[in-house]
Amino acid sequence: MAVIVLDPGHGGTVKTGDSSPNNATGPTGLKEKAVTLDIAGRARTILAAAGLDVRMTRTTDTNLGLADRAKIAKNAGADAFVSIHFNGFDQVAQGTETYHHNNASSDSKTLAATVQAAVLKATGLKDREVKKAGFAVLRPALHAAGTAACLVEISFMDVAAEEARLKTDAYKDSVAKAIAAAIKGWLVADQRN
């Protein structure tokens, strides 16, 4: 059985191991850490119903360091690790983007592309494309050798219209379904399931 680790970004009230408690905040105060946890929980339910072994790096409003988040996936021998985030910038910039590590495996690159395509359909926003970065939570050395890892920035939640959408169950369900479908599709294409 494939093992999936979902990583709801941020959490808690203090910085822990280079993980800030919260990054983006909507114009009326909706916090990234709350929405990442909500969407990850919805995706977990969908993936578990499909018979997958799904773990989460956090299930409450707590913060784990970036290496500790990766360690959960490593200890589980995860097939896939997906870190869920939202951007915030100037209340105007918008779009969906997904990252893999600078030294990512081909599996990680494929997972990132699959997640980007699916989430982009759900958000209907500008395609900010798949990018590479040195994010510690995606560092291959911190994961098991066979783990594919990516980080999705679903949207810029500091834009008022997007924050309003993120307050609706229908939109959060749509994004969660997209993440789950991408992971399931990647597993099938990669012949891991």
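Please treat every number below as a calculation from the coordinates, not as lab data. Not measured: the values here are computed from a predicted model. Neighbour counts run over all protein chains shown; Cβ positions are idealised from the backbone, glycine included.
Below, the figures for the structure above:
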{"item": "J(HN,Hα) series, the range 80-95, from Karplus relation 6.51 cos²θ - 1.76 cosθ + 1.60, nearest Hz, glycine and proline x", "result": "9, 10, 10, 8, 10, 9, 10, 8, x, 8, 10, 6, 10, 4, 8, x"}
{"item": "Fewest-first ranking of Met1, Met157, Met56, using other Cβ atoms within 10 Å as the exposure measure", "result": "Met1, Met56, Met157"}
{"item": "For Ser19, Ser174, Ser155, order by how many other beta-carbon atoms lie within 10 Å, fewest first", "result": "Ser174, Ser19, Ser155"}
{"item": "Built amide H within the under 5 Å cut-off of Val54, gap 5+", "result": "Ile4"}
{"item": "Extension gain from Ser20 to Lys121, taking 0.36 nm per residue of separation minus the Cα-Cα distance", "result": "33.5 nm"}
{"item": "In sequence order, calculated HN-Hα J values of the range 114-127 (Karplus, 6.51, -1.76, 1.60; Hz; x Gly/Pro)", "result": "5, 5, 4, 4, 5, 5, 4, 5, 6, 7, x, 9, 4, 7"}
{"item": "Sorted by Cβ neighbour density within 10 Å, fewest at the top, the residues Asp158, Asp68", "result": "Asp68, Asp158"}
{"item": "Gain upon complete extension [Thr28, Thr60; 0.36 nm per residue less C-alpha separation]", "result": "9.3 nm"}
{"item": "For the range 3-189, share of DSSP beta bridges that run antiparallel, in % to the nearest 5", "result": "20"}
{"item": "Mean shadow area of the range 105-193, taken as a quarter of the surface of its Cα convex hull (nm²)", "result": "6.4"}
{"item": "Loop-located chymotrypsin sites (Phe, Trp or Tyr not before Pro) in the range 51-154 whose Cβ has at most 11 other Cβ within 10 Å (DSSP)", "result": "Phe89"}
{"item": "Too-long pairs where the Cα-Cα distance tops 27 Å, listed order kept, from Lys74/Lys126; Lys109/Lys184; Lys15/Lys121", "result": "Lys74/Lys126; Lys15/Lys121"}
{"item": "FRET E, pair Ala48, Ser106, Förster distance 25 Å, beta-carbon r, rounded to 0.05", "result": "0.35"}
{"item": "Cα Rg, Dmax (largest Cα-Cα span) when computed across the chain, Å", "result": "15.0, 44"}
{"item": "Helix 32-49 vs. the chain, principal-axis angle (Cα, 0 to 90°, nearest 10)", "result": "40"}
{"item": "Efficiency of FRET between Ala93 and Gln191 - r from beta-carbon atoms, R0 41 angstrom, step 0.05", "result": "0.60"}
